[in-house]
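The values are calculated or read from the model by the stated rules, or taken from the named source; none is laboratory data. For clarity, every value in this text was computed on a predicted model and none was experimentally measured. Here Cβ is always computed from backbone atoms with ideal geometry, including for glycine, and neighbour counts include all displayed protein chains. Only protein heavy atoms, including side chains, enter the accessible area calculation; ligands, DNA and RNA are left aside. Shrake-Rupley method; radii C 1.70, N 1.55, O 1.52, S 1.80 Å.
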Amino acid sequence: MNIGVFDSGLGGLTIFKALRKELPQYNYIYFGDNARVPYGNRSPEIIYQFTKEAVDFLFKKKCQLIIIACNSSTSTSLRKIQREYLPKFYPDLRVLGVIKPVIEKLKDSRLERIGIIGTKATIKSEAFIHEIKKVIPTAIVFQQPCPLLVPYIEDSMRNKKVLQLLLKEYLDPLIKRKINSLILACTHYGIIEKEIKNIVGSNIDVISEERIVAEKLKDYLKRHPKIERKLDKQKKVEFHFTDPRSDYKKLTKLFLNG
Ligand code: DGL
């Protein structure tokens with residue numbers, strides 16, 4: 001059986017890359033719904049519908065476990081998938097998201113003023129605020145939707161000036177609020193982590209999800225040996241995209257090697 005990794009497009013590759021580094025022995029199937037990216041500007045209902053379709057696709061490909069490497073899907077759909085969809089259709093299989101691992105990791109740090117950047121859907125869901133308040137009730141959280149970043153990244157990121165303008169527009173309000181940490185609540189943003197760090201400076205801790213999610217999955221598999229035993233260990237990798245655009249192979253390689 002395989003581990004499935006799902007995102008609306010290229011963003012989940014940041015998670016996929018970290019998983020392969022931390023847990024190289026397993027077989028992975030990556031699924032990017034790039035025909036319908038971005039998800040973040042869509043309604044929670046339609047994101048849930050798309051997420052169910054991705055889950056069906058990956059389970060048909062013999063995944064034992066799926067990581068939803070998309071915050072927009074995790075924040076709007078994970079709970080419903082876990083509580084309603086899996087028990088009904090796939091009671092022996094598992095779907096995990098990206099938000100809980102990050103928040104669990106944060107609980108040991110002393111974070112007071114936290115900035116969150118994400119898609120409109122993630123920000124509107126308030127999933128991060130909800131989870132942060134459970135573990136750090138005194139935290140002050142500032143959110144900023146960044147709807148143009150995902151289309152920019154999916155479009156090969158050719159114009160660096162455009163990226164600078166977008167990042168300044170989105171990050172300045174958070175810097176003015178004197179945040180001391182910034183959560184990249186969209187897996188696409190891991191691809192531009194360096195550019196984000198350059199703008200916010202070294203006084204703000206930038207928290208990117210990929211390494212945390214990989215560490216937490218390792219932990220999860222240790223705690224769930226029955227699931228771990230079912231996973232094949234031949235280091236095989238497959239990629240599936242809903243729109244096999246000619247430039248996507250190149251972009252996938254670029255992001256995985258970069
Ligand atoms: N990587 C997805 C996320 O983490 C991108 C969302 C989108 O397609 O807008 O939210």
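Answer with yes or no whether K249 is in a helix (DSSP H, G or I), at pLDDT below 95 and either open to solvent by 40 Å² or more (accessible area, probe 1.4 Å) or under 21 Å from I116 (Cβ atoms) (or both). The answer is yes for K249. Scanning region 179-209 for residues that are out of contact with any strand residue (DSSP E or B) (no Cβ under 8 Å at 6 or more places or on another chain) and open to solvent by 20 Å² or more (accessible area, probe 1.4 Å), we see that the one that is nearest to the ligand (Cβ to nearest atom) is I191. Among the residues of region 1-55, those that are more than 13 Å from the ligand (Cβ to nearest atom), more than 14 Å from C70 (Cα to Cα) and of a type in the set (S, T, Y) comprise Y26, Y28. Out of E112, E126, one residue alone is under 17 Å from C146 (Cβ atoms), among the charged types (D, E, K, R) and open to solvent by 20 Å² or more (accessible area, probe 1.4 Å). It is E126.
None of I29, I67, I3, I81 is assigned to a helix (DSSP H, G or I) and either at pLDDT 95 or above or open to solvent by 40 Å² or more (accessible area, probe 1.4 Å) (or both) except I81.
The number of residues in region 67-88 being away from the ligand (no atom under 15 Å from the Cβ) and farther than 12 Å from A54 by Cβ comes to 8. In this structure, D232 qualifies as open to solvent by less than 90 Å² (accessible area, probe 1.4 Å) and either of a type in the set (G, A, S) or not in a helix (DSSP H, G or I) (or both).
Total residues in region 49-73 satisfying the condition of being within 17 Å of T242 (Cα to Cα) and either over 14 Å from the mean Cα position of the chain (by Cα) or of a type in the set (S, T, N, Q) (or both): the figure is 14. All told, F57 meets the bar of being of a type in the set (A, V, I, L, M, F, W, C), open to solvent by 30 Å² or more (accessible area, probe 1.4 Å) and in a helix (DSSP H, G or I).
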